[in-house]
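To keep things clear, I will list the structure first and then write my remarks on it.
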Protein chains: 10
Amino acid sequence: MLFLVRMDVHPPLDMPAEKFAEIKATEKAYSLSLQRDGRWAHIWRIVGQYSNYSIFDVSGNDELHKLLQDLPLYPYSSFQVTPLATHPSDIAVQ
Amino acid sequence: MLFLVRMDVHPPLDMPAEKFAEIKATEKAYSLSLQRDGRWAHIWRIVGQYSNYSIFDVSGNDELHKLLQDLPLYPYSSFQVTPLATHPSDIAVQ
Amino acid sequence: MLFLVRMDVHPPLDMPAEKFAEIKATEKAYSLSLQRDGRWAHIWRIVGQYSNYSIFDVSGNDELHKLLQDLPLYPYSSFQVTPLATHPSDIAVQ
Amino acid sequence: MLFLVRMDVHPPLDMPAEKFAEIKATEKAYSLSLQRDGRWAHIWRIVGQYSNYSIFDVSGNDELHKLLQDLPLYPYSSFQVTPLATHPSDIAVQ
Amino acid sequence: MLFLVRMDVHPPLDMPAEKFAEIKATEKAYSLSLQRDGRWAHIWRIVGQYSNYSIFDVSGNDELHKLLQDLPLYPYSSFQVTPLATHPSDIAVQ
Amino acid sequence: MLFLVRMDVHPPLDMPAEKFAEIKATEKAYSLSLQRDGRWAHIWRIVGQYSNYSIFDVSGNDELHKLLQDLPLYPYSSFQVTPLATHPSDIAVQ
Amino acid sequence: MLFLVRMDVHPPLDMPAEKFAEIKATEKAYSLSLQRDGRWAHIWRIVGQYSNYSIFDVSGNDELHKLLQDLPLYPYSSFQVTPLATHPSDIAVQ
Amino acid sequence: MLFLVRMDVHPPLDMPAEKFAEIKATEKAYSLSLQRDGRWAHIWRIVGQYSNYSIFDVSGNDELHKLLQDLPLYPYSSFQVTPLATHPSDIAVQ
Amino acid sequence: MLFLVRMDVHPPLDMPAEKFAEIKATEKAYSLSLQRDGRWAHIWRIVGQYSNYSIFDVSGNDELHKLLQDLPLYPYSSFQVTPLATHPSDIAVQ
Amino acid sequence: MLFLVRMDVHPPLDMPAEKFAEIKATEKAYSLSLQRDGRWAHIWRIVGQYSNYSIFDVSGNDELHKLLQDLPLYPYSSFQVTPLATHPSDIAVQ
């Protein structure tokens, strides 16, 4: 089941750069592991923003919430989640 | 170059159903041809909306505008275009 | 899987009252059948609005979109869909 | 009398984790006691948000305000309250 | 129980003036009868708008929805409903 | 002359509780004195918000601004002011 | 007493040009008479909009509402009204 | 050339009252000098807000930006600028 | 003096295609003449919108309003005007 | 390929003036170098705002994101990016 997720990161300006770099490194490793197992299907940077649009492919709402909540950047981010359905013009379903 | 495009269709309530069905058939054929040549990379229905989120993979802004403007549903739709860049955590660039 | 759906009906002022009453009767029968089989779990009127908040319990995004799109009032309505997850304070999961 | 309440928690980033955990534990106990006596009829997590949608079943506006104001997380939260009425298509009133 | 209701009237420009005048006369009579029995406690014109702010004093959400829905201007109006509670600084509760 | 005023209080989380309690006590005394002399005609709590809707009955814009600016909570609040006129359906003017 | 009023005109595209020109002529005569007696203190065109910002100098809310409601363009316009008070830095009050 | 400027002041709650009073005194002197030379044509307080609406009469965009940027309260304020043109109903141009 | 203007065209769906094509041809001729004399300094299409961002270089607010109001598409368009000033980092002013 | 970029700077009020001046000097040097090589085609101050509208001429989305992210003021700014296409009325394409 697919979801479009917009994630906006709000880095706390007063956090030591080193600590924030560490959080970002953990975030990246976590993201890569989810990309490898297929649940984080796509990730794109939004030009000019500390934000990404991503496609998640999960078993349902509960799994998606858990994945997002476990993001190391979760406390410094906001999320917009849009449930996606198969489009009748999608070439995959012709 | 990738763009996220949100397309909201506003079907005119007073158009004869037959005529609108014809426009939608042309739209679908056009969409499928663009999916086949790779420029319309993804298309997803937004749940509960006469809308889709799509990923376009084009040579640039001019080509994208031409593709959208040539959509048979263009006069009955509104579009939001978000330019996308490669994300440093994308597994494809590790 | 649960979703909160807000449905706002925009009755076309120029449709004959009889025809709209007929559409509403079909809508009600359809809603009742979905309530009976458990997929339309709750429906509440929003005070002062031709709108409802509803809880749907479905297998996923595709099923939800189909249910909404099949509503007789779909062409005269707009929808906002919010995916819901289990809350850790929900008494049912203690 | 039913109300839909959206509650968005804004955890203060500079509060010691321990103190916030304590507030959350009190909040959960308070929520469970209200669920047990039937006044907090439903609680759902909004996917990707530190937020919930809840249904309250109370005697009226004054009781609802008191319940919300007494939430341990009240000073760190914002609320949107929507009064709900019986829907004529609700299967319970046929 | 008190509610603040904002009512915005959108008079249909193509309705014959006579017919709209008739609807407004019925509306006024209905409003006066509710003012007389105390349920429509206050009504004020918003300066520069075809709108009013009103205070309703009703037994609950269901009664309020019924009152609003029965307004002759209901099909040509939109409503915002805010539930009100007793304020601790209200002189009436000292 | 009547005005509807919405007042949203934003209590500073880092102010000592004692000091804020003191400000609120002064605010309440000030509000009561204005209610007694008839200029603060009504005050209602908005359910679920640290906010009130109030009706002020003053000689004009200058007096209203002075009253609001003198509120002890003024530096921690925001205000929306709506000028009200007599409504032709008000029972008092029949 | 001063008010800033923003007036946005929405000319109905399907009204015969002649009839609209007539309404505008009556509007202009009405505006000039109010400018002459000092109640319509200023009127400015907003660049690129069929809109004006105006200053009205009236005895109070009721008079302002009557003036606006009597505008020949009132049924084709929307209004935003902001009550103004004397500013302590105004050179006139030093 | 005229411009409507809305200025919203956001006084920093943690600045010593004395220092802020000093900034405001300089602001007032600066405003008065611009009012004397005719470039700050009008200034009005918005009721219930730490804000003003002002009319500036300047030679063009560059001069207006310089005047605003030199305000002592500039770092603690936000501005909305609306360019104004002569209105054809203005009595001054008949 | 420079202004950024965003122009959104709302083509009336019920106008005969021929008549609209004629209006657009006049619009284009008018735009080209203003580009030739330097007052319409730049014009760009917004991707996916029947809209443009343009830079106008005019003597002031009155001239800009006249230019926009004379556009053949003016009755079918909306405009947002932003006054621009010289930027201190502009290479032209070093 | 052209993009319109709106950049809003939010200078941190608690940063020492000297340090911020240093960042701004680096920003200016960086901007000038991009103006010299043609990629930062235009920069204009928005009147009354610590903001600019700029035109960038780059090879695509990835290059634009890199340019913006490398701005010394990037951590203290927000950006809105609008992709631009050639306009059919542009005199350059006749």
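Here are the numbers for this structure:
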quantity: Test: residue in segment A:27-40 that is away from chain D (no Cβ under 13 Å), closer than 28 Å to residue C:57 by Cα and not in a loop (DSSP other than H, G, I, E, B); calculated: yes
quantity: Selection from segment A:63-94 of residues that are outside any strand (DSSP E or B), more than 13 Å from chain D (Cβ to nearest Cβ) and not β-branched (Val, Ile, Thr); calculated: A:72, A:87, A:88, A:89, A:90, A:92, A:94
quantity: Selection status of residue I:53, aromatic (Phe, Trp, Tyr) and within 30 Å of residue B:5 (Cβ to Cβ); calculated: yes
quantity: Residue tally, condition assigned to a loop (DSSP other than H, G, I, E, B) and open to solvent by less than 50 Å² (accessible area, probe 1.4 Å), over segment B:12-26; calculated: 2
quantity: Only listed residue being under 16 Å from residue C:63 (Cβ atoms), open to solvent by less than 50 Å² (accessible area, probe 1.4 Å), in contact (Cβ under 8 Å) with a residue 24 or more places away in the chain and more than 10 Å from chain D (Cβ to nearest Cβ), chosen from C:9, C:5; calculated: C:5
quantity: Pairs where the first residue, in segment J:39-63, is closer than 20 Å to residue J:24 by Cα and the second is among the basic types (Lys, Arg), C-beta under 7 Å, 6+ apart; calculated: J:51/J:6; J:52/J:45; J:53/J:6; J:56/J:39
quantity: Qualifying residue in segment C:44-54 (condition: among the basic types (Lys, Arg) and open to solvent by 60 Å² or more (accessible area, probe 1.4 Å)); calculated: no
quantity: Search result, residues across segment I:41-62 that are outside any loop (DSSP other than H, G, I, E, B) and more than 9 Å from every other protein chain (Cβ to nearest Cβ); calculated: I:41, I:51, I:56, I:57
quantity: Subset of segment F:69-92 (residues that are aliphatic (A, V, I, L, M) and open to solvent by less than 20 Å² (accessible area, probe 1.4 Å)); calculated: F:71, F:73, F:84, F:85
quantity: The one condition in (1) open to solvent by 60 Å² or more (accessible area, probe 1.4 Å); (2) modelled with pLDDT of 95 or more that residue F:60 fails to fulfil; calculated: (1)
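Conditions (1) over 21 Å from residue H:84 (Cα atoms); (2) not charged (D, E, K, R), marked per residue:
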site	(1), (2)
G:3	no, yes
G:6	no, no
G:9	no, yes
G:12	yes, yes
G:23	yes, yes
G:30	yes, yes
G:36	yes, no
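The values are calculated or read from the model by the stated rules, or taken from the named source; none is laboratory data. Everything quoted here is computed from the prediction, not taken from an experiment. Cβ coordinates were reconstructed from backbone atoms using ideal geometry, including for glycine residues, and neighbour counts include every protein chain displayed. To get the accessible areas, we keep the full protein, side chains included, count just its heavy atoms, and leave off ligands, DNA and RNA. Shrake-Rupley method; radii C 1.70, N 1.55, O 1.52, S 1.80 Å.
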